[in-house]
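Peer 1: Quick one: the structure is below, and I'll ask about it shortly.
Please treat every number below as a calculation from the coordinates, not as lab data. Being a predicted model, the structure only gives us computed values, none of them experimental. Neighbour counts are summed over all protein chains in view; Cβ atoms, including those assigned to glycine, are modelled from backbone coordinates with ideal geometry.
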Amino acid sequence: MPERPRTKTNHIVQTPTTKQPADQEAKPGRTVGYLRVSTAEQRPDRQIDGLRMICDELHIETLSAVSPHRPVYGRVVSELLPGDMLVVWDLDRAFRSVVDALTEAEKLRKRGVHFRIATLNIDTSTPAGMFVYTMMSALAEFERRTLSQRTKEGLAAARQRGARLGRPPKLTGEQIREAKQRIASGERVSIIADDYGVAAWTLSRALRRAHPVATQSN
């Protein structure tokens, strides 16, 4: 499929929430760009600069990658017509996982809609492009799973060495021993906790962890 003419677009839709008027209905053969950023603080400038010259229009969504619902993406895809092309800057800018990416690409293919990843120069309108897209998606998923496995193995090794993971304790061992003695002498847990600058339940929990016998608050 010959590459569409590279024309600069000035049609950037930040939050499309309503359907286009009848006199502005989409015509087939468009190149539609989809951009996503996770938070409002993240800037989509890099994606915009990369897609502006190859797309007729750009749609931007501010949403976490793991969000189960993507209203802007859903609306954009639903309005694509046979012969249109959906363009994303990178794989993780549009899809949550490889399975999600492959499922969406197959749905688009059945509708006669092409799909392109700009950074990888992959165009699923060709058999070679679809093959490369499938392989690249699988490799990306393999890399994510390998990283996850290495992280889990690293944490397990740290635990075996006795390393403490997570947030540091709010009370030191000396404070816990002192609190136990003060409670034994009749002081209230809430007063002792105030002295240490923690909640009463935090002190009680620390005492239970340090001593199997539950500590009762007065």
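Peer 1: Dipole magnitude of the stretch 65-218 about its Cα centre, charges +1 at Lys/Arg Cβ and -1 at Asp/Glu Cβ only, in debye to the nearest 20?
Peer 2: Here the stretch 65-218 has a charge dipole of around 660 debye.
Peer 1: Quick one: length gained pulling T119 to S185 fully straight, 0.36 nm per residue minus the C-alpha distance? Working shown, then result.
Peer 2: On the way: separation 66, 0.36 × 66 = 23.76 nm, distance 6.95 nm.
Going from the current span to full extension adds 16.8 nm.
Peer 1: For a Förster distance of 30 Å, can you work out the FRET efficiency between the beta-carbons of E178 and S64, rounded to the nearest 0.05?
Peer 2: The pair E178/S64 has a calculated efficiency of 0.10.
Peer 1: Also, quick follow-up: For V113, enumerate residues with amide H under 5 Å from its amide H, sequence gap 5+ or separate chain, H modeled in the peptide plane.
Peer 2: For V113, the qualifying residues are G83.
Peer 1: So, one more: Net charge around I191, counting only other residues with Cβ within less than 15 Å of its Cβ (Lys, Arg = +1; Asp, Glu = -1)?
Peer 2: So the surrounding residues net to -1.
Peer 1: For K170, what residues show an amide H to amide H distance below 5 Å, using hydrogens built from the backbone and excluding near sequence neighbours?
Peer 2: Distant-sequence amide H within range of K170: zero hits.
Peer 1: Something else now. Taking the highest mean first, how do the peptides 65-77, 198-210 order by number of other beta carbon atoms within 10 angstrom per residue?
Peer 2: Listed from highest to lowest mean packing, they are 198-210, 65-77.
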